[in-house]
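Heads up: the structure comes next, in structure tokens.
The values are calculated or read from the model by the stated rules, or taken from the named source; none is laboratory data. Treat the numbers as computed from the prediction; the structure is a model and nothing was measured. Positions of Cβ are generated from backbone atoms using ideal geometry, with glycine treated the same way; all protein chains shown enter the neighbour counts. The accessibility values were calculated without ligands, DNA or RNA, using every heavy atom of the protein model including side chains. Shrake-Rupley method; radii C 1.70, N 1.55, O 1.52, S 1.80 Å.
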Amino acid sequence: KLDPGLIMEQVKVQIAVANAQELLQRMTDKCFRKCIGKPGGALDNSEQVRTGGRSGDPRPSSSGRLLRLCVPQKCIAMCMDRYMDSWNTVSRAYNSRLQRERANM
């Protein structure tokens, strides 16, 4: 015999997985378009690997290690962080509104 509660939980999990996949796909698409200007076989000057501290300073960082930073990777990471922060803010506001509307029914 099928348990309706179990079926609902499975559907909720499937919906959550689909939403997470959609979020990841949208975030990847948007950040790739923003950070990778001209996909191709070589990196242009804005996409070259930089070493060192600020502005390519070759001195070690405060941790004593040389920093190696690929500009597009940093851009993508920062873009994804901002996208997730925005997504979370919107999600919290949406959920809060749903709860208020349910309470008023």
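For the full complex of protein chains and a 1.4 angstrom probe, list THR89, THR28 by accessible area with the highest value first. Display every interim value, and only then the final one.
Numbers: THR89 80, THR28 55 Å².
I get THR89, THR28, largest accessible area first.
Near THR28, within a Cβ-to-Cβ distance under 12 Å, what is the net charge of the other residues, with Lys and Arg +1 and Asp and Glu -1?
On the way: positive: ARG26, LYS30, ARG33, LYS34; negative: GLU22, ASP29.
With Lys, Arg at +1 and Asp, Glu at -1, the neighbours total +2.
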